[in-house]
């Protein structure tokens, strides 16, 4: 059993190999619509509530902290601008990815892990099909489609949460708040966040599936895979968020 | 420990359908096979016996490329399978079907959808033809009318039979049975044994059965191979196996237990 850094590198290599096979599977055969729709429902639509809940409280707490923090310098009227930027560029995409990653990625790992220990993945191959195409492709694609959409939802709900608290704490009008938001946010900011969420969607799908497919050790292994998926997805999202942000900032400011 | 069966199948026998020659396999530091050699001839039912953890299932999973071998040669229908890519293996898998130990039915699909799965993948025919085929194979395994049931509604024995129906749906020439009777009650054991025999008689398929169930072994086998010490230590007919002088084989057949390290994985 590998531990620590060697495990990390071998897993990263495994995920890279899975990605190559996945791209090959996309090119080799048309995507099956029914499993994709099912996964879009499971990963996307059913994640809306957790996304909205996270976003509204994040927007509210962000507004609260900025309002009280900036008041010391007489800058509390800038709260709306900072909330909008913080949500759209960082917290919207990242917290959505962490929450949805935990929810969906653990589900993938548990489901595929159970299929591995029950020999169903072997059966798919023995019956002449490709588990990458059958199991991994619809899940990863669904996440890539769903995450930007969920992030947009998080942006809207987060800013609305910020609005309520800013109005109460700073005493601005909704009109003033929205004019600040629209003045501050440009296309670059939106694309910065949504661009990252595309990658996050991909990582959630591919890491969750990778961990599930590499399950060993019966039902106990399924439990371990589920935990491992959440941890690995969270780490991947947090680290890649910094790297992607660095690149995007360098490119577009 | 030569192979007495070579004399019985000997000269003039047809070419083997399946051949393992000097196969090596290890999982990390654990060596499963050092030099496994075995031939399976057309139309026969060969049982591979061996204790738990001796790699019986590994051997048949390597045959259809579910596991990769580390050395030696594995041939099916005269063709080397070890170097094949997934596309090449697909051809092999249309001719060699496998019944998994856990039956490995897809939980989210009905019995009918499970059986149609390989038919779809191998573009077997129109939907109506596939539906007819499902009816046909379900009757063969004694489960007519169960099309709409989900695997969770089936007992262990029924799941095995549906798994078998799914395996034979595409009319394979070889069927691999991984522990077909393990975990079943005596009536279901007899039923599965009966199915193995009747499929051989009706369809003329070649079968490889992996088991440690001695009753099942002597009921269905034309020949028996014994896995011991990381290779095939013995092959012979049922009679030859009964009279075999090799201590481990005798021990195994008598059901002796608790004295051999190899029994414990």
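Miscellaneous remarks
- Options B:109, B:105: the member that is surrounded by 17 or more Cβ atoms within 10 Å (Cβ to Cβ) and over 20 Å from residue B:76 (Cβ atoms): B:105
- Residue within segment B:90-98 that is surrounded by fewer than 22 Cβ atoms within 10 Å (Cβ to Cβ) and more than 22 Å from the chain's Cα centre (by Cα) present: no
- Residue in segment B:68-87 that is in contact with a helix residue (DSSP H, G or I) (Cβ under 7 Å, 6 or more places away or on another chain), within 14 Å of another protein chain (Cβ to nearest Cβ), on the phi < 0 side of the Ramachandran plot and in contact (Cβ under 8 Å) with a residue 40 or more places away in the chain present: yes
- Test result for residue B:115, in contact (Cβ under 8 Å) with a residue 12 or more places away in the chain, under 26 Å from residue B:41 (Cβ atoms) and within 21 Å of the chain's Cα centre (by Cα): no
- Failed condition for residue B:96, given (1) in contact with a helix residue (DSSP H, G or I) (Cβ under 6 Å, 6 or more places away or on another chain); (2) within 14 Å of chain A (Cβ to nearest Cβ): (1)
- In the set A:150, A:91, A:135, A:141, only one residue is away from every other protein chain (no Cβ under 14 Å) and under 30 Å from residue B:85 (Cα atoms); that residue is A:141.
- In segment A:160-173, of all residues being outside any loop (DSSP other than H, G, I, E, B) and touching a helix residue (DSSP H, G or I) at 6+ places or on another chain (Cβ under 6 Å), the one that is farthest from residue A:203 (Cα to Cα) corresponds to A:169.
- Residue in segment B:219-234 that is touching a residue at least 12 places away in the same chain (Cβ under 8 Å), assigned to a helix (DSSP H, G or I) and closer than 22 Å to residue B:99 by Cα present: yes
- Among the residues making up segment B:12-30, those that are touching a residue at least 12 places away in the same chain (Cβ under 8 Å) and farther than 11 Å from residue B:71 by Cβ are B:13, B:14, B:15, B:16, B:17, B:18, B:19, B:20.
- Single residue of segment B:118-132 satisfying the filter (in a helix (DSSP H, G or I) and within 14 Å of another protein chain (Cβ to nearest Cβ)) that is nearest to residue A:127 (Cα to Cα): B:118
- Any hit, segment B:44-64, residues being modelled with pLDDT of 90 or more, part of a loop (DSSP other than H, G, I, E, B) and within 12 Å of chain A (Cβ to nearest Cβ): yes
- Test: residue in segment B:136-146 that is part of a loop (DSSP other than H, G, I, E, B), free of Cβ contacts under 8 Å to residues at least 12 places away in the same chain and within 13 Å of another protein chain (Cβ to nearest Cβ): no
- Residue within segment B:103-111 that is part of a helix (DSSP H, G or I) and either modelled with pLDDT of 90 or more or within 14 Å of chain A (Cβ to nearest Cβ) (or both) present: yes
- Residue list for segment B:65-89, restricted to those being surrounded by fewer than 21 Cβ atoms within 10 Å (Cβ to Cβ) and assigned to a strand (DSSP E or B): B:71, B:72, B:73, B:75, B:79, B:80
- Any hit, segment A:197-217, residues being at pLDDT 95 or above, within 30 Å of residue A:67 (Cβ to Cβ) and in a helix (DSSP H, G or I): yes
- Boolean, residue A:117 is touching a residue at least 40 places away in the same chain (Cβ under 8 Å) and away from every other protein chain (no Cβ under 14 Å): no
- Within segment A:175-187, tally of residues that are surrounded by 13 or more Cβ atoms within 10 Å (Cβ to Cβ) and not in a loop (DSSP other than H, G, I, E, B): 7
- One residue stands out in segment B:175-186 among those that are within 12 Å of chain A (Cβ to nearest Cβ) and not in a loop (DSSP other than H, G, I, E, B): the one that is nearest to the chain's Cα centre (by Cα), namely B:176.
- A single entry from A:91, A:64 fulfils the requirement of being in a helix (DSSP H, G or I), closer than 23 Å to residue A:204 by Cα, touching a residue at least 60 places away in the same chain (Cβ under 8 Å) and touching a helix residue (DSSP H, G or I) at 6+ places or on another chain (Cβ under 6 Å): A:91.
The values are calculated or read from the model by the stated rules, or taken from the named source; none is laboratory data. Note that the structure is a prediction, hence the values are computed from the model and not measured. Every residue, glycine as well, gets a Cβ built from its backbone with ideal geometry; the counts of neighbours run over all protein chains shown.
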